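Worksheet for the structure shown next.
The values are calculated or read from the model by the stated rules, or taken from the named source; none is laboratory data. Everything numeric here is computed off the predicted structure, so don't read it as measured data. Positions of Cβ are generated from backbone atoms using ideal geometry, with glycine treated the same way; all protein chains shown enter the neighbour counts. Remember, those area values only see protein heavy atoms, side chains included, never the ligands or the DNA or RNA. Shrake-Rupley method; radii C 1.70, N 1.55, O 1.52, S 1.80 Å.
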Amino acid sequence: MDLSRFIATRIAFNKSSSFSKFIINIALCATAISVAVMILATGLVNGFQQVIQDKIFSFWGHIHINQYQPNAGPLTQEKSFELSPALMQKIGQVPQVNFIAPYATKSAIIKSDKEIDGVMFKGVDKNYDWPKLQQFLVAGNLLQFNDSSYSQGVLISASMAKELQVGVNDKIIVYFIQGGSQPPRARKLTVTGIYKTAIEEYDKTYVIGDIDLIRKLNDWTRTEIGGYEVTLKDYHQMQPVARYIDEHVLTDELFTRTIQEIYPNIFDWLQLQNKNEIIIIVIMTIVAIINMITAILILILERTNMVGILKSLGMRNWKIQRIFIYQAAYIVIMGILIGDVVGLGLAWLQQTYGFFKLPEDSYYMSVAAISLRWKEVVLINVGTLLICVTVLLLPSLIIRKITPVKAIQFK
């Protein structure tokens, strides 16, 4: 057996009470808390980003295909072009594409008996990916389509329904802005459903209805649309897939925009959460390192007599250093294991019961979401172990300066 490891094991598992034992327990607890906080911070940031991104993508897809318009913003009405089943089929054959659907938007003003509100009317057809909108429905039903005319129903948000003081099956008057000198065109529609994403940019802006109504108001043909909404299998592939579709699939009159380019502020805000995660991880790592350095310095100080005796018996400095490095490694490993149990346990409780609530108006969700990625948990464990043990090489160098005669006399 390795002598350094044997001595380190005997010291580490010595049950006699001492001041160093108290310090070791503090270092162990500090390491466990640091690991647990790092796991929870990573899970909370991942969960937060995932929930917000899922809401954005479910409502608007990943990529939009439209006619080119300079300086087009999120609320810019699209130029119309002809729906092409052949083009849709070609786009659908791109390996990363999951779903494609036509859409169009039009500026409007909603009027109820008591209030008015400016909105953007998003028109879709019966082949739209309705299951992804179903998850946001809090009252009523989805739109019902017929072949003879446009649907008279609309979906509005919960905040909009509250502001307008309307509910399911209530009538509202929608004034569609025609542009130029033309007066608005009014249509009386029925609220068939109420949705809630908790994302203010959507809930206060968009009403969902039949694209045929927009076609009728804009004097379009039955085959004209404002654009295609493309949903991917993996949102990380938005940029390369959009570039590929632009270069190899579309004609010169059409171009692609990712949802990240349309709503850059939201995604920039989400990216800021990564910085918060890094700051927390760095702080917790520093806390663990400081506690471990303090612990090993106290251990060396308390075992000075032992160091002198081992040196007088001919044990080399490096082997004596290894005793304390092994002992520190035991503390770090135990702290990591306890931290894993605490961190993963709290994460599971939050995922299962949702104890930690959030103000939905500020965070776009009512319950703090956690998404654990095992690769990141493993990196936290391995990184904490390697960093702590490596840093502990520095205080262990004190052993080289201890002389046997003075160490044996030390009390």
*Under a 10 Å cutoff between Cα atoms, tell me which one of Phe121, Phe48, Phe355 has the largest fluctuation in the Gaussian network model of the chain.*
Phe355
*For Cys29, Cys388, what's the largest-to-smallest order of accessible area, 1.4 Å probe?*
Cys29, Cys388
*Net charge, Glu376 excluded, C-beta distance under 13 Å - Lys, Arg +1, Asp, Glu -1*: 0
*Return the FRET efficiency for the residue pair Leu250, Val389: r is the Cβ-Cβ distance, R0 is 60 Å, and the value is rounded to the nearest 0.05.*
0.65
*Can you give the net charge of the other residues whose Cβ lies under 14 Å from the Cβ of Leu270, counting K and R as +1 and D and E as -1?*
-2
*In a shell of Cβ-Cβ distance under 10 Å around Ser151, excluding Ser151 itself, what net charge do Lys and Arg (+1) and Asp and Glu (-1) give?*
-2
*Let me know the Rg and Dmax you get for the stretch 122-273 when you use only its Cα atoms, in Å.*
17.4, 49
*Any idea what diffusion coefficient the chain gets from Stokes-Einstein, in µm²/s, Kirkwood Rh on alpha carbon pairs, 37 °C, 0.692 mPa s?*
126
_At 0.36 nm per residue, and after removing the present C-alpha to C-alpha distance, how many nm does the segment from Glu302 to Asp170 gain when stretched out fully?_
39.6 nm
*asked:* Under 8 Å for C-alpha pairs, at least 6 residues apart: give me the relative contact order for the chain, rounded to a whole percent.
replied: 29
*What does the helix-only formula give at 222 nm for the chain: each DSSP H stretch with n ≥ 4 adding -39500 (n - 2.57), the total divided by the residues, and the result rounded to the nearest 500 deg cm²/dmol?*
-16500 deg cm²/dmol
*If you rank Trp220, Trp60 by how much accessible surface each has, with a 1.4 Å probe, what is the order from largest down?*
Trp220, Trp60
*Work out, step by step, the length gained on full extension between Thr190 and Asp54: first 0.36 nm times the residue separation, then minus their alpha carbon distance; give nm to one decimal.*
46.1 nm
_What distance in nm separates the two pseudo spin-label positions at Cys29 and Arg373, each 7 Å out from Cα along the beta-carbon direction?_
3.4
*Could you work out which residue, out of Ile177, Ile110, Ile309, moves most in a Gaussian network model of the chain, that is, has the largest mean-square fluctuation with Cα springs under 10 Å?*
Ile309
*Specify the residue with the greatest mean-square fluctuation among Pro70, Pro359, Pro95, computed from a Gaussian network of the chain linking alpha-carbon atoms under 10 Å apart.*
Pro70
_I need the phi-derived Karplus couplings for the stretch 326-343: 6.51 cos²θ - 1.76 cosθ + 1.60, θ = phi - 60°, integer Hz, Gly and Pro marked x._
4, 5, 5, 5, 4, 5, 4, 5, 5, x, 5, 4, 5, x, 4, 4, 5, x
*How large is the accessible surface per residue of the chain, computed with a 1.4 Å probe and reported in Å² as a whole number?*
51
*Compactness of the stretch 103-188, expressed as Rg and Dmax over alpha-carbon positions, Å*: 13.5, 40
*Does the stretch 63-138 classify as rounded, prolate or oblate by the C-alpha gyration tensor (a ≥ b ≥ c root eigenvalues; a/c under 1.5 gives rounded; else a/b over b/c gives prolate, otherwise oblate)?*
oblate
_Along each principal axis of its Cα atoms, how long is the stretch 237-313 end to end? Whole angstroms, biggest number first, please._
86, 27, 9
*In this model, which of Lys114/Lys162; Lys171/Lys216; Lys55/Lys122; Lys79/Lys196; Lys171/Lys204; Lys122/Lys171 are farther than 23 Å apart at the alpha-carbon?*
Lys79/Lys196
*Which of Met38, Met334 is most accessible, then next, and so on - probe 1.4 Å*: Met334, Met38
_If I take R0 = 35 Å and measure r between the Cβ atoms of Ser149 and Gln239 in this structure, what FRET efficiency does the formula 1/(1 + (r/R0)^6) give, to the nearest 0.05?_
0.30
*Using alpha-carbon pairs under 8 Å, 6+ residues apart, how would you state the relative contact order of the stretch 80-163 in percent?*
18
